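Colleague: Below you'll find the structure I mean.
The values are calculated or read from the model by the stated rules, or taken from the named source; none is laboratory data. This is a predicted model, so every value here is computed, not measured. Backbone-built Cβ (ideal geometry, glycine too); neighbour counts: all protein chains shown. Protein only, heavy atoms only, side chains kept; ligands, DNA and RNA dropped before computing areas. Shrake-Rupley method; radii C 1.70, N 1.55, O 1.52, S 1.80 Å.
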Amino acid sequence: MKKLIKSIAIAALVFTAFSCSKEEQKSFQKVSIAKLATVTPELSIFKEALDVTGLTATFEDAGNYTVFVPTNTAFASVLGGMTVTDFNTANPGVLAKVLKYHVIANAGVLSKDLTNNQSVATLQGQNITINLIPNTYYPAIDPDLNTYEQTSIFVKDAMNNSSRVFARDVLATNGVIHIIDAVLMPSNN
């Protein structure tokens, strides 16, 4: 967990320091959601999925998005050994639908703004449900997070599966990302 957060922060800092003009270097938050995904190795499959589906430009441009980004491990479990391109070819339109199901448009929602049993509309059109669970480890260190966490955040999808938010509130120029441990699946309707 700490490694992932450090990885995101370092990657964003390196990107900002070496690829931005002097004007852009004045603000650390001059990195878009797409750029954060590009420079964070643990989010490379998410970035590849954005590229394959043509959604990269959406997350490079101005906007105000909240994106629940699955890790590479989460994506790998869904892809079942297939590449992102092969999966997209075998299942036309499914990958774009799944990616949009991870996005709340027109709202940069921080973890402090989430409420228990909150139903939230996604860019894909279906809702996800936010569940806040008192952390059973608190005030001890949570072994999954290696930090103190009073409340764990889970996102429940249309298939009634939950994904844990384990890296919160990663700010970008066009919104915020929360990193999750499973891919959210919309219903087939």
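Colleague: Looking at (1) part of a helix (DSSP H, G or I); (2) at pLDDT below 95; (3) more than 20 Å from the chain's Cα centre (by Cα), can you tell me which one Pro139 breaks?
Modeller: (1)
Colleague: Which one is farthest from Ser77 (Cα to Cα) among residues in the range 164-181 that are part of a loop (DSSP other than H, G, I, E, B) and open to solvent by 30 Å² or more (accessible area, probe 1.4 Å)? So that I can check it myself, show each step before the final result.
Modeller: Within the range 164-181, the subset part of a loop (DSSP other than H, G, I, E, B) is 173-174, 181.
Narrowing the set further to residues that are open to solvent by 30 Å² or more (accessible area, probe 1.4 Å) leaves 173, 181.
Working: Thr173: 30, Asp181: 10 Å.
Applying the filter and picking the extreme gives Thr173.
Colleague: Still on this structure, I have one more. I'm trying to understand the selection: among the residues of the range 65-83, which are over 16 Å from Leu184 (Cα atoms) and of a type outside the set (Ser, Thr, Tyr)? Even if it seems obvious, please write down each step before you answer.
Modeller: Here is the first cut: in the range 65-83, the ones over 16 Å from Leu184 (Cα atoms) are 65, 81-83.
Once the filter is applied, which keeps residues that are over 16 Å from Leu184 (Cα atoms) and of a type outside the set (Ser, Thr, Tyr), the range 65-83 yields Gly81, Met82.
Colleague: Would you check if there is a residue in the range 63-78 being of a type outside the set (Lys, Arg), over 24 Å from Phe166 (Cα atoms) and crowded, with 18+ Cβ neighbours inside 10 Å?
Modeller: No: zero hits.
Colleague: Residues of the range 94-111 being modelled with pLDDT of 95 or more and either in a loop (DSSP other than H, G, I, E, B) or touching a helix residue (DSSP H, G or I) at 6+ places or on another chain (Cβ under 7 Å) (or both), which ones?
Modeller: Leu95, Ala96, Leu99, Tyr101, His102
Colleague: Still on this structure, please answer the following. For the range 142-163: of the residues being at pLDDT 95 or above and open to solvent by less than 30 Å² (accessible area, probe 1.4 Å), which is nearest to Leu114 (Cα to Cα)?
Modeller: Val155
Colleague: Within the set of pairs 6+ apart or on separate chains, which have a first residue in the range 111-128 that is free of Cβ contacts under 8 Å to residues at least 12 places away in the same chain, a second that is of a type in the set (S, T, N, Q) and open to solvent by less than 50 Å² (accessible area, probe 1.4 Å), and C-beta atoms under 6 Å apart?
Modeller: If the second residue must be of a type in the set (S, T, N, Q) and open to solvent by less than 50 Å² (accessible area, probe 1.4 Å), the pairs left are Ser119/Thr129.
Colleague: List every residue pair whose Cβ atoms sit under 9 Å apart, with the two residues 6 or more apart in sequence or on different chains, where the first one lies in the range 71-87 and is in a helix (DSSP H, G or I) and the second, anywhere, is open to solvent by 30 Å² or more (accessible area, probe 1.4 Å) and of a type in the set (Ser, Thr, Tyr).
Modeller: Cβ pairs passing all conditions: Asn72/Ser44; Val84/Thr53.
Colleague: Which of the residues that make up the range 98-126 are open to solvent by 60 Å² or more (accessible area, probe 1.4 Å), within 24 Å of Val52 (Cα to Cα) and not aliphatic (A, V, I, L, M)?
Modeller: Lys100, Asn106
Colleague: A further question on this structure: Under the condition of being out of contact with any Asp or Glu (no Cβ under 7 Å at 6 or more places or on another chain) and surrounded by fewer than 22 Cβ atoms within 10 Å (Cβ to Cβ), which residue from the range 22-37 is modelled with the highest pLDDT?
Modeller: Per the stated criteria, the residue is Gln29.
Colleague: Now for a separate question. Hey, could you check the range 43-62 for residues that are open to solvent by 30 Å² or more (accessible area, probe 1.4 Å) and of a type in the set (A, V, I, L, M, F, W, C) and say which is nearest to Ala172 (Cα to Cα)? Spell out the reasoning first.
Modeller: Step one: filter the range 43-62 for residues open to solvent by 30 Å² or more (accessible area, probe 1.4 Å), giving 44-45, 47-48, 51-54, 57-58, 60-62.
From the residues that got through so far, the ones that are of a type in the set (A, V, I, L, M, F, W, C) too are 45, 52, 57, 62.
Numbers: Ile45: 19, Val52: 22, Ala57: 15, Ala62: 10 Å.
It comes out as Ala62.
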